[in-house]
Amino acid sequence: MDYALARKDLVAWLRKQLLGPAASSDELLRGTTPIERYASGVLFPVIEGGEGIDPASLSDDDTTGNEEADAMLSEQAEPASRPRRYTPPSSVGVTFYIHGEDIRFQILYAAASYTRTGERDEQGRFKGREYQRAELGGDANAIEVTSPRLALPQTYRQRFDLFAERSGGNPRAGLEVLWRPYEAGWITTVSLFNKQIWDTGGEQHLRNQWRNERSLFQVALSCLIEQGAVGDYPRVDKSLLSDEEQELEVQYGHKRIYAVGHGAAADWQLENDQVKLIWCDFLPSVEVPRVTVDGVPGFDDVLRLSSWSRFTRDEANDMVLLGQLEHFVKTYGAWIADRRVEANSRSPDELPPANRIVGRMESAYSRMLCGLALLQRDDLARKAFQTANRAMLMQMMQADSNREKVPAADSYRWRPFQLAFLLTVLESAINEHDAFRDLVDLVWFPTGGGKTEAYLGLIAFLIVWRRLRFSTSGGGTTVLMRYTLRLLTAQQYLRATRLICALELIRREDAALGSEPISIGIWVGAASTPNTFAKAFEAVKRARAGHQDALKGLVLDACPWCGTPFSADRSFAASERRFDFFCRNDTCEFGGGQADHLPCNLVDEALYQTPPTLLLGTIDKFARLTWDERTSAFFGLHGNRPPELIIQDELHLIAGALGSVAGLYEAALDTVLIQRGVYPKYVAATATIRMAADQVRRLYGRELAVFPPPGLSSDDSFFSRTVASSQQPGRLYLGHLAPLLSRSHCLAPLAATLQVAPEAVFTAEHASREALLDAWWTQIVYHGSLRGVGNSHNAFNIDVRNHAERLIKEICNQRLQRECTTIEQETLVERRHVRIAQLTSLATAEENARTFARLEIARTEGGECVDVALATNMIAVGLDVARLALMIVNGQPLTTAE
């Protein structure tokens, strides 16, 4: 099945519906106006003096505050924004830099108008709303222009009249070419503008009619280069940029910008590396290529988890494996050496940032060599590394076994960057005097690339090493893992628990790892989990009385090791003084008797009594450290050491007020750990790194080291490489702007079109129709605030429904002209009624869990399938649902990281 081709068909249909014409070149609109039907790609008539309020400044957008925040402001404070006067766009243009002795290009343009038609009443008013489309100008809409002589004044304008009216000969539009000398060529702006005036006098129905008739629709503007060369569009002087911005210029220098748009996006076509065509695009698209993380061939043995799980058992094999690991590391070093040569060949203004980029790669390489040397010389480190790999392998095999897959030990591998990351941080993770102990090591990889497995491997290594190194004080809480979202914390708890189970099974057979169980705990608010034994006991009692929903707050609904579902009667030991999970599967390593309770807990009182080896919590929960003295249990009890490692996932989400408060607690936490005798190591993970160094300094007062360090090109960091879209399609982004509509109203035509699109495009003749329908059936609508979610919910119930009804009616009318199947008609009618769900912080953990489960349900599996999911940045960390392929980002996100 070719999803890329299907997506192309879908986008082509969207373009016709949003820009027009949806039907034929001489379409007749009935029951609507062209401005209502096509909100994009329109040049409106000129309004002298401006008119109306800018819809982007209205209070229904996501960037405005909520009532609680507003109440915190002084009564005398100025509002954050005021409604702005607004003039709808009447022009569109494109600017580019072109040079050469003889410059010549053709300007190609097109537009359409709609004229009201139909029967009139006795007063001469039209009875219905019907508009007839007409192409303007005919087929030969082209003007050839040449550059002026340099001897002319500094700027030079060329103007042309377009689309003369039949009566009177007045032009409807104009074209302007503005030439400005720059270096050896010209910065050239080509603009198309509507010259018609909107007469705001007269009756309302006439004003509306004139506005529709005097607007230009389906506007197109392009420049075909015949002579001359289009160069890179002038950028800001690099000396004025920050160090980070200069480095980004180097890394993205191959992503060249040849033009900028005005009122629309600019795009271009290359032929033989030369720009041949430049055009304005009202529905721009960009395909972000996929990233491969398996681009280091020839190291299968060294990447196999099974190879390292057998480490330390045979000295000869160990030397071979360490030799292969050294070759792996030095291959990276050789690649860096080539980048050093490349950096030295850069231009003088690019040389300093290029040297900084390569310098960070060389530092990472040096640290990898230190990690390699540690494994070569230190018996405890080798044993800990072997055990960590064994635990990772065990939990991966167990996960596949639970999914009824046949696990093959040799098929599980580290991704190259994961193994390299472990080598990089090994020394600083166990040596408090290491020069890099003070660094915050940031794992930077796209969502889904394997960041979690990378730091889970580090956690396993450190837990084992600490138990081996400090036989009498290595227990207690070893690692703190923090998240900003409770939903994410619960998801990571499920992933980490299986690893902890594997480590606990290994501990039971290895006396060197101590008698204290290796365990995990989740530490979050009472809205997500029961924080006391009494509340947990009450939840179990309610479940035993038949209220199964009462168990949702217990996070786990099955044994994390074997996957056997929990039952209220047999899987919990709950009382006013105790709570534990049990597996009643006799074949499970944790099944059987009461003594074999699972090594996990989520009740605060249980965590204080028996501090878990790995503690997961939300960042706000750590505020309890200053309010509840029982939390000191996490910092070393009964002679145990305090935590050695602090992991912060999704670092970019700690922003704004949350970041300010978090920074205060970080300073306090750091001080407490140091006073308890441990200088902690910090590791963070994120999918975006813009301004990360500044953020880390403000949060932790430390410097940052990114891994894998970016290369000289954004397409290649050795451990990850982009894949050409021709080989593997990437994510496709479309931009949609309806300038006359506010944000909530702008959503309506887009969401309605996407709602109807799958059924309209993938008709009965498609061989894989059901799969294609399901792929684009569910819309995820992303918002920057809860207010935006509420506005969108109302829009889907009113505006979106009305737009969808009209589209469905149009499609049904078109299908009456051809034979269509009953299935097609039934599916189309099904889209009249949408099932809306929400993923927000206002929902309980149980409600969000049910919504996640519903998102997995295909459209053919019954009435629980979600048609629209309205979400906030709760899903900014990624939503792992395989069937989803469509998301609307409703307005600019509050941060670029989102």
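The values are calculated or read from the model by the stated rules, or taken from the named source; none is laboratory data. Source: prediction; values computed, not measured. Glycine also receives a Cβ, built like all others from the backbone with ideal geometry; neighbour counts cover every protein chain displayed.
So the check is Cβ under 8 Å with 6+ separation or different chains; which pairs have a first residue in region 36-48 that's at positive phi and a second one that's surrounded by fewer than 21 Cβ atoms within 10 Å (Cβ to Cβ)?
G41/L283
I'd like the full set of residues that are aromatic (F, W, Y) and within 18 Å of H327 (Cα to Cα), limited to region 341-397.
Y365
For every residue, the table says whether it meets (1) within 18 Å of L704 (Cβ to Cβ); (2) touching a strand residue (DSSP E or B) at 6+ places or on another chain (Cβ under 9 Å); (3) at pLDDT 95 or above.
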| position | (1), (2), (3) |
| --- | --- |
| K405 | no, no, no |
| L426 | no, no, yes |
| V464 | no, no, yes |
| V479 | no, yes, yes |
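Before we move on, is E765 farther than 28 Å from A265 by Cα, assigned by TED's automatic domain parsing to the domain that holds G784 and in a helix (DSSP H, G or I)?
Criteria not met by E765.
Restricting to helices (runs of 4 or more DSSP H) lying wholly in region 790-889: which have 1 or more residues that are at pLDDT 85 or above and out of contact with any Gly (no Cβ under 6 Å at 6 or more places or on another chain)?
799-815, 845-855
Given (1) modelled with pLDDT of 90 or more; (2) in a helix (DSSP H, G or I); (3) surrounded by fewer than 22 Cβ atoms within 10 Å (Cβ to Cβ), where does V756 come up short, assuming only one miss?
(3) is the only condition that V756 fails.
Conditions: (1) assigned to a loop (DSSP other than H, G, I, E, B); (2) surrounded by fewer than 23 Cβ atoms within 10 Å (Cβ to Cβ). P612 meets all but one. Number of the miss?
Going through the list (1) assigned to a loop (DSSP other than H, G, I, E, B); (2) surrounded by fewer than 23 Cβ atoms within 10 Å (Cβ to Cβ), P612 breaks only (2).
Yes or no, residue by residue, for (1) crowded, with 22+ Cβ neighbours inside 10 Å; (2) among the small types (G, A, S); (3) free of Cβ contacts under 8 Å to residues at least 60 places away in the same chain; (4) under 22 Å from V288 (Cα atoms):
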position: Q728; (1), (2), (3), (4): no, no, no, yes
position: H736; (1), (2), (3), (4): no, no, no, yes
position: A752; (1), (2), (3), (4): yes, yes, yes, no
position: R769; (1), (2), (3), (4): no, no, yes, no
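Among the candidates A316, A264, A259, A354, single out the residue that is at pLDDT 95 or above and over 30 Å from Q227 (Cα atoms).
A354
Report the residue count in region 776-785 for those that are touching a Pro at 6+ places or on another chain (Cβ under 8 Å) and at pLDDT 90 or above.
3
Which one of G457, G448 is small (G, A, S) and buried (at least 18 other Cβ atoms within 10 Å of the Cβ)?
G457
Answer with yes or no whether G788 is crowded, with 17+ Cβ neighbours inside 10 Å and not polar (S, T, N, Q).
Judged against the criteria, G788 is a match.
Residue-wise test of (1) modelled with pLDDT under 60; (2) in a loop (DSSP other than H, G, I, E, B).
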residue: R82; (1), (2): yes, yes
residue: H99; (1), (2): no, no
residue: D102; (1), (2): no, no
residue: Y131; (1), (2): no, no
residue: G137; (1), (2): no, yes
residue: A140; (1), (2): no, yes
residue: E144; (1), (2): no, no
residue: R149; (1), (2): no, yes
residue: Q158; (1), (2): no, no
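Do we find that V190 is in contact (Cβ under 8 Å) with a residue 12 or more places away in the chain, surrounded by 18 or more Cβ atoms within 10 Å (Cβ to Cβ), in a strand (DSSP E or B) and among the hydrophobic types (A, V, I, L, M, F, W, C) in this structure?
Yes.
Among the numbered criteria (1) at pLDDT 85 or above; (2) touching a Phe, Trp or Tyr at 6+ places or on another chain (Cβ under 9 Å), which one does T87 miss?
Going through (1) at pLDDT 85 or above; (2) touching a Phe, Trp or Tyr at 6+ places or on another chain (Cβ under 9 Å) one by one, T87 breaks only (1).
Restricting to region 562-579, give me the number of residues that are in contact (Cβ under 8 Å) with a residue 24 or more places away in the chain and closer than 21 Å to G521 by Cα.
Number satisfying all stated conditions: 12.
Residue by residue, here is whether (1) of a type in the set (A, V, I, L, M); (2) under 30 Å from D243 (Cβ atoms) holds:
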| residue | (1), (2) |
| --- | --- |
| S347 | no, yes |
| P353 | no, yes |
| L369 | yes, yes |
| L375 | yes, no |
| L380 | yes, no |
| F385 | no, no |
| R413 | no, no |
| L439 | yes, yes |
| T447 | no, yes |
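Out of everything in region 342-380 that is among the basic types (K, R) and part of a helix (DSSP H, G or I), what residue ends up being surrounded by the most Cβ atoms within 10 Å (Cβ to Cβ)?
R367
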